[in-house]
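Have a look at the structure below, then the notes.
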Amino acid sequence: DVDRPRIALEQKEAWARAVENGMRLRKGREHQFHDIYFDDFMADPIGEVAKAYARFGQPFTERAKEALTAWREAHKPGQFGTHNYTRDDFGQSPAQIHERYAAYLERFPGVLQKRGRSAA
């Protein structure tokens, strides 16, 4: 039997540490980073990649665009099935999640704003 609450706690902690390490590593190097919100990427992946290229002064060539388009066609979402679960299946409330990721959510409030949520 799968202990989903235990898995949720372990994963929440592992990803929180990864996020904290990433935030620490980027301090003083903001010019080397370009943030893309998941919802924006899912809505317009080619446009978001083009913005990243532009951010770093790189040409986004037609060849690059064609390669990304071809990759997307070959890797359609859900082609191998879908995951159907909710946060409730893992025993985690928004407050519990937001508490652990408070520093990240403070630094990147758009994460919740983009999805029409709040940190409360």
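The values are calculated or read from the model by the stated rules, or taken from the named source; none is laboratory data. From a predicted model like this one, the values you see are computed outputs, not experimental measurements. In this analysis, Cβ positions are derived from the backbone assuming ideal geometry, glycine residues included, and neighbour counts consider all displayed protein chains.
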What do you reckon, is ASP44 without any contact (Cβ under 8 Å) to a residue 24 or more places away in the chain and either closer than 30 Å to GLU10 by Cβ or of a type in the set (Ser, Thr, Tyr) (or both)? no
Looking at region 1-24, which of its residues are in a helix (DSSP H, G or I), without any contact (Cβ under 8 Å) to a residue 60 or more places away in the chain and loosely packed, with under 13 Cβ neighbours inside 10 Å? ARG6, GLU10, GLN11, ALA14, ARG17, ALA18, ASN21, GLY22, ARG24
So, in region 25-44, exactly how many residues are closer than 18 Å to VAL111 by Cβ and either of a type in the set (S, T, N, Q) or assigned to a helix (DSSP H, G or I) (or both)? 8
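Scanning region 47-84 for residues that are among the basic types (Lys, Arg) and surrounded by 10 or more Cβ atoms within 10 Å (Cβ to Cβ), which turns out nearest to GLU30 (Cα to Cα)?
Ranking the qualifying residues of region 47-84, first place goes to ARG55.
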Restricted to region 67-120 and to residues being among the aromatic types (Phe, Trp, Tyr) and in a helix (DSSP H, G or I), the residue modelled with the lowest pLDDT is PHE90
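Restricting to region 1-51, name every residue that is among the β-branched types (Val, Ile, Thr) and touching an Asp or Glu at 6+ places or on another chain (Cβ under 8 Å).
ILE36, the sole residue that qualifies.
Could you list, in sequence order, all residues of region 74-103 that are more than 30 Å from ASP1 (Cα to Cα) and under 21 Å from the mean Cα position of the chain (by Cα)? Steps first, answer last, please.
Of the residues in region 74-103, the ones more than 30 Å from ASP1 (Cα to Cα) are 74-76, 102-103.
Once the filter is applied, which keeps residues that are more than 30 Å from ASP1 (Cα to Cα) and under 21 Å from the mean Cα position of the chain (by Cα), region 74-103 yields HIS75, LYS76, ALA102, ALA103.
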Scan region 24-48 for residues that are more than 14 Å from the chain's Cα centre (by Cα) and of a type in the set (A, V, I, L, M) and jot them down. LEU25, ILE46
